[in-house]
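> Before I ask anything, here is the structure I am working with.
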Amino acid sequence: MRRSISAVAVAGLLTALIVTGSGTAVATSAASPLLPSPPMGWNSWNRFACDIDERLVRQTADALVSTGMRDAGYTHVNLDDCWMARERDAGGRLVPDPQKFPSGMRALADHVHERGLKFGIYSSAGTATCAGYPASLDHEEVDARSFAEWGVDYLKYDNCHNEGRPAASRYAKMGQALRATGRPIVFSICEWGDQRPWEGWGAEVGGHLWRTTHDIRDTWASWTDLLDQQVGLEGYSGPDRWNDPDMLEVGNGGMLDHEYRAHFSLWALLNAPLIAGNDLRAVSGATKQILLNRALIAVNQDWGGKQGHRVRDDGEQEVWAKPMSDGSVAVVLFNRGPGTVDIAANAAEVGLSAAGRYRVLDLWSGREDTTAGELRAPVPAYSVVAQRIWPA
Ligand code: GLA
């Protein structure tokens, strides 16, 4: 029996074990996924990089509650790089930087949990993190045990200083170590897509999501370049195996509000993690309105878990669509060019079933309309029109 259990664990299957009358363990696929929809929350990196401490995390957790973001689904509070002290302790354990985190990680996780939120942390499948702090390669078990003891719910596991060792086995070791703790911990593979984790090994090592690209920056050129790299990956994602084109830059100041609306709309449509990366303690009304767009959050979190895809590329104008589990389709008409342009598509092309009429909801203005099948809207420069369409 012991052998059956470890074989299942090694394979990294998210399955339940049922011990039958004869005492043999069999795997079932009845276990519910840890991440039935893409993760939503906040991460420290995009805005704060190494300038982090426990006060920031506490205040951010409080802000997630006071802004209404927690209740809209943003529940993960994730620390990124630079939380560690420069040296492990005498027992070989990672220690939080005593200046930045004087109360320790358990107390911080408690603060986060008391607010109905989840606590995430970061390490690298290398000898050091990208910023040069101690990391978890060859320390997987001791580190996973520390994370579980602290109450960590989510591990982002980076790829720096990996000594050229094969990705799948480096990530498998941490996946195994996390499962061995017995605590459900989301395993976020941050391997930048180099070895195409979506093709199989990401899920096999127990990953629940994986980066498909290198890092986002707070520019139009950056997020649209990442967007282009998502074309063709839609078939590989679903519950507990999300493609991750990196975190949101909404509200970080490098783009205009309509550009952030475009970024947010397409990340929602791609079933990307909606991990805010801005300062939530000082968030503008416009930024809040973007992050709290419930209609787009509903598109992202749809229980069917089908990732949206590009249905047409006319150069600077594109049409993206995502099938929703209620038979509707979410559509983003995307204008990447410098002037207002009418973008048109038809119901069949975006995957809607044939009907005499369709109901159209504009996901930014809330305006409702009907159409006989043609979808057409003037789309301003560097903007989107996002709609959800139901066969009537
Ligand atoms: C890598 C990751 C980023 C971030 C930094 C931290 O670049 O891809 O998301 O975690 O490391 O150093």
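Rule-based calculations on the coordinates, nothing more; no lab input. Fair warning: this is a prediction, and the values are worked out from it, not measured in the lab. Using ideal geometry, Cβ is built from the backbone for each residue, glycine included, and neighbour counts are taken over all protein chains shown.
> Which members of the range 336-361 meet the condition of being among the small types (Gly, Ala, Ser) and part of a loop (DSSP other than H, G, I, E, B)?
Selection gives Gly337, Gly339, Ala347, Ala348, Gly351, Ser353, Ala354, Ala355, Gly356.
> From (1) within 25 Å of the chain's Cα centre (by Cα); (2) surrounded by fewer than 19 Cβ atoms within 10 Å (Cβ to Cβ), pick out the condition that doesn't hold for Asn335.
(2)
> OK, next. Being away from the ligand (no atom under 16 Å from the Cβ) and either under 21 Å from Asp228 (Cα atoms) or of a type in the set (Gly, Ala, Ser) (or both) is the filter here, so list the residues in the range 197-217 that pass it. Can you show your working first?
Step one: list which residues in the range 197-217 are away from the ligand (no atom under 16 Å from the Cβ), which gives 198-201, 203-206, 208.
Correct list: Trp198, Glu199, Gly200, Ala203, Gly206.
> Moving on to the next point. Which members of the range 365-392 meet the condition of being in a strand (DSSP E or B) and free of Cβ contacts under 8 Å to residues at least 60 places away in the same chain?
Scanning the range 365-392 gives Glu368, Asp369, Thr370, Thr371, Glu374, Leu375, Arg376, Ala377, Pro378, Val385, Gln387.
> Could you tell me which numbered condition Tyr154 fails, if it satisfies all but one of (1) in contact (Cβ under 8 Å) with a residue 60 or more places away in the chain; (2) of a type outside the set (A, V, I, L, M, F, W, C); (3) within 12 Å of the ligand (Cβ to nearest atom)?
Condition not satisfied by Tyr154: (3).
> Inspect the range 305-320 for any residue being assigned to a loop (DSSP other than H, G, I, E, B), within 29 Å of Glu368 (Cα to Cα), out of contact with any Cys (no Cβ under 7 Å at 6 or more places or on another chain) and within 16 Å of the ligand (Cβ to nearest atom) and give the result as yes or no.
No, the range 305-320 contains no residue that is assigned to a loop (DSSP other than H, G, I, E, B), within 29 Å of Glu368 (Cα to Cα), out of contact with any Cys (no Cβ under 7 Å at 6 or more places or on another chain) and within 16 Å of the ligand (Cβ to nearest atom).
Residues checked against (1) aliphatic (A, V, I, L, M); (2) surrounded by fewer than 19 Cβ atoms within 10 Å (Cβ to Cβ); (3) farther than 15 Å from Phe147 by Cβ:
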position	(1), (2), (3)
Asn46	no, no, yes
Gln59	no, yes, yes
Arg70	no, no, yes
Gly73	no, no, yes
Asn78	no, no, no
Met84	yes, no, no
Ala90	yes, yes, yes
Leu94	yes, no, no
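> For Ala177, state whether it is surrounded by fewer than 24 Cβ atoms within 10 Å (Cβ to Cβ) and either touching a residue at least 24 places away in the same chain (Cβ under 8 Å) or away from the ligand (no atom under 16 Å from the Cβ) (or both).
Yes, satisfied.
> Now a separate question. Return the residue satisfying two criteria in turn: it lies in the range 183-196 and is more than 12 Å from the ligand (Cβ to nearest atom) and under 16 Å from Met40 (Cα atoms), and of such residues it is surrounded by the fewest Cβ atoms within 10 Å (Cβ to Cβ).
Val186
> Sticking with this structure for a sec: Name the residues in the range 132-190 that are under 24 Å from Asp215 (Cα atoms) and among the hydroxyl-bearing types (Ser, Thr, Tyr), would you?
Tyr133, Ser136, Tyr154, Tyr157, Ser169, Tyr171, Ser188
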